[in-house]
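FYI, it's all coordinate maths here, none of it is from the lab. This structure is a prediction, so every number in the text was calculated from the model and none was measured. Backbone-built Cβ (ideal geometry, glycine too); neighbour counts: all protein chains shown.
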Amino acid sequence: MLWVQTSFYLFGLLTLAVGIGATLLVYCFYKEYFALLQDGLSLSLNSKSRCACTWIAYKNYLLYSIHLLLYGLLRICQLISLRIAGIQSHLDRCKVGEEYETSAQLLKVWSRSKPTFFTILYQRHFLSTHVKFVHPEYSLQKHITLMTVTDKEAIFCVPSSKVDILNVKKWPFLFHAQHKTAEYILVMPIQSLIKLASVLGDPTAKVIWIHHTGRCGSTAMAQVCNALPNVLTISEPLNVFSLDQYFKYKHLRNGSLDWEPTEEYLKIYQSTVRVMLSKSYLKSAEIIVVKAAPANSMVDLNLIVELFPKFYQCFDIQRSSTSFIASSMILSRFFPNVKPHATLQNCCNDKKHVEWLLGKSSVHNHTEFIAFVISWCEMCSHYMKLCESLTHPNVPAFKYEHWQSNPDKYLETFFKLVDLELTDERLQIVKDVLNEDSQKNSMFSREKVKQRGVEIPKDMIHVANSYSKFYHLPKWGESFTLPNTVTSP
């Protein structure tokens, strides 16, 4: 009879575990749905999009669903074991600002998964186990990079020390490299990040911060800079973007459209930038170039000017609406539908713009197209407002079409404005870099993009013109140059 009782108890425990796991899984899916909105991307199971990679995207999402199930079960076991071992008590003390010297938790990564290419990475995207607690300064090692920031914690990617994660030729996008190469992740409470940043202070190296629209040659420019001696390039980190999306979504979830950065947000933003540009990088670089995430340009344009006035900044690189949107439409074939309402969350920091856009019935049609129209209009609008607000605008604009027509003159102008000498040797290095496909190691290589085609019918152009009219921008196909543009044909 003993084995019967034992079997009964084991069955009961198994049933309880499955029940708790199912509940946690539903909760994870609930969180992930809104996280996808934060990322600005979402899957549409009823989509009529002609996206060539839709099936691959659905397969990835299925694999991610399995990953979430395993993550839920693992978390149940961890919550119990960490509490028994006393580790959870230490974590609780760290979260309230205690135990600073051992407040960073190092976790071993066993598996990873995310539903889309652009998903912001959180702990749930990794199956990981506790290794040890370390000092926050552990994060300052050269091979460790800041990955994600919220109002509660900061997450760092820890690859092998042999991996050059900042090699922009191999990894055009840092957020993609972080997902692929992480052997460990380092998690620290946000108070520890702020304290670490206060010790580090502002970077002493020259910092060039590149804002851009995307699909504009900015990746090639990042590789050009990275090829120069004593220059380090950080290409599209999502740490400040994750921070912006987290705070903005938390605010908009309460029904308010009037978003203004809070004092807490500004403090964390400043700390994030300081730690990302930490002094450990200065051992091998006198100049740091940051090619920011395009979706966060509207935020960065204002805050970098305010918080880091000594940074060299440029709006590199603007592109005409016609070429930008057409190129973005081709790019959209590589991933599922971009949702317009999520795009509003990414791009819009103006209450009037959000209210007007939400009132447009067309925002529900031609989803990818409208999303890119909104993105282009918002970026141009934010930049023009910045120029109007500054007595002496110190964020010059560069135009992609000028690069195409006269690359030597364009590069000469860029180097001069960021106070770099364009020697013959450097010019040859630049030309060698530009002869190669800047995104050949990504899913957006020239060969893959050439295989995609896009046609934009007249009715969609008419819709685009209705948006550009609201923003006081030119109609589709009309020539347009932003104020304070320093390049010329």
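Figure the gain on full extension for S466 and Y58 (residue separation times 0.36 nm, minus the Cα-Cα span) and round it to one decimal in nm.
143.5 nm
Between E306 and A85, how high is the FRET efficiency from 1/(1 + (r/R0)^6) when r is the Cβ-Cβ distance and R₀ = 41 Å? Nearest 0.05. Could the numbers behind the result be given before it?
On the way: r = 45 Å, r/R0 = 1.09.
Here the calculated transfer efficiency is 0.35.
Along the Cα→Cβ direction, 7 angstrom out, place labels at K458 and E355. What is the inter-label distance in nm?
Here the answer is 3.6 nm between the modelled labels.
Can you put T485, T145 in order of Cβ neighbours within 10 angstrom, beginning with the fewest? Please report the intermediate quantities before stating the final value.
Working: T485 14, T145 26.
Exposure proxy ranking, most exposed first: T485, T145.
Rounded to the nearest 0.05, what FRET efficiency do T262 and K416 have when you use their Cβ-Cβ distance and R0 = 41 Å? Working shown, then result.
Details: r = 38 Å, r/R0 = 0.93.
So, using R0 = 41 Å, E works out to roughly 0.60.
Using modelled amide H (1.01 Å from N, peptide plane; none on Pro or chain starts), what sits under 5 Å from the amide H of E153, excluding residues fewer than 5 places away?
Residues meeting the amide H criterion: I190.
Can you list residues whose amide H is under 5 Å from A104's amide H, if they're 5+ apart or on another chain and H is modeled 1.01 Å from N?
V134
How big is region 58-101 by Rg and Dmax over its Cα atoms, in Å?
15.2, 43
Test of understanding: ordering K95, K170 by Cβ neighbours within 10 Å, fewest first, what list do you get?
Values: K95 16, K170 13.
By the 10 Å Cβ count, ascending, the order reads K170, K95.
D151 to L390: FRET efficiency via 1/(1 + (r/R0)^6), r the Cβ-Cβ distance, R0 25 Å, to the nearest 0.05?
Details: r = 29 Å, r/R0 = 1.18.
Efficiency for this residue pair is about 0.25.
Report the extension gain between L70 and Q404 in nm, rounded to one decimal, defined as 0.36 nm multiplied by the number of residues separating them, less their alpha carbon distance.
Numbers: separation 334, 0.36 × 334 = 120.24 nm, distance 4.93 nm.
So the extension gain works out to 115.3 nm.
Based only on other Cβ atoms within 10 Å, what is the fewest-to-most ordering of V224, V131, V231? Working shown, then result.
Working: V224 25, V131 12, V231 20.
Ordered by Cβ neighbours within 10 Å, fewest first: V131, V231, V224.
Compute the Cα gyration tensor for region 375-429, then decide on rounded, prolate or oblate, letting a ≥ b ≥ c be the square roots of its eigenvalues: rounded whenever a/c is under 1.5, prolate when a/b is larger than b/c in the other cases, and oblate in all that remain. Mind dumping the intermediate values first?
Values: a/c = 3.66, a/b = 1.79, b/c = 2.04.
It is oblate, given that a/c is not under 1.5 and a/b is not larger than b/c.
Using 18 Å as the Cα-Cα cut-off, could you pick out the over-long pairs in K310/K416; K95/K152; K95/K195; K169/K431; K108/K291? Could you put the intermediate results ahead of the total?
Values: K310/K416 16 Å; K95/K152 8 Å; K95/K195 13 Å; K169/K431 14 Å; K108/K291 29 Å.
Among K310/K416; K95/K152; K95/K195; K169/K431; K108/K291, the Cα-Cα distance tops 18 Å for K108/K291.
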